[in-house]
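S.K.: One structure, as structure tokens, below. Some questions next.
Nothing in this text is a laboratory measurement; each read-out follows from the coordinates by a stated rule. Small disclaimer: the values here were computed from a predicted structure and weren't measured. Neighbour counts run over all protein chains shown; Cβ positions are idealised from the backbone, glycine included.
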Amino acid sequence: MPAKRTTMRKIRDVLRLRLSAGLSIRAISRSTKISVGGIQKLLTKASTLELGWPLPDDLDQPPRHTQSTSWGRLSWSAARQR
């Protein structure tokens, strides 16, 4: 079974909790529900890439879609037009 991907939000939380707040890996694991091994791999990768906290602006999350579609409203209005 493939491993679950860690979201960018969780990665940011791990880096913030470790580099800014100075929490232990076990405390971060309890807080984020990520395994200790997963956190260690993430921190090793961040160290290899020389990432610090706060993250550079170019690594910010991509913008969310500004137009959200309400499928329920669309199907309701389509049914109404019939």
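S.K.: Given a Förster distance of 25 Å, report the FRET efficiency between E50 and R16 from their Cβ-Cβ distance, rounded to the nearest 0.05.
M.R.: Efficiency computed from Cβ-Cβ geometry: 0.90.
S.K.: Simple spin-label model, 7 Å along Cα-to-Cβ: L59 to R5 in nm?
M.R.: 1.8
S.K.: Take peptides 39-47, 3-11 and line them up by average Cβ neighbours within 10 Å, highest first, as a rough protection proxy.
M.R.: Final packing ranking: 39-47, 3-11.
S.K.: Net charge within 14 Å of A46 by Cβ-Cβ distance, Lys/Arg positive one each and Asp/Glu negative one each, not counting A46 itself?
M.R.: My count for the surroundings of A46 gives +4.
S.K.: Which one of L49, M1, I28 has its Cα pushed farthest toward the positive end of the charge dipole of the range 1-52, where Lys and Arg give +1 and Asp and Glu give -1 at the Cβ?
M.R.: M1
S.K.: Taking θ = phi - 60°, what integer Hz values does the Karplus form 6.51 cos²θ - 1.76 cosθ + 1.60 yield along the range 28-44, in sequence order, with x for Gly and Pro?
M.R.: Once rounded to whole Hz, the list reads 5, 4, 5, 6, 9, 6, 9, 5, 4, x, x, 5, 4, 5, 5, 5, 5.
S.K.: May I ask for the net charge around K33, where only other residues with Cβ less than 13 Å from the Cβ of K33 are counted and Lys, Arg are +1 while Asp, Glu are -1?
M.R.: +4
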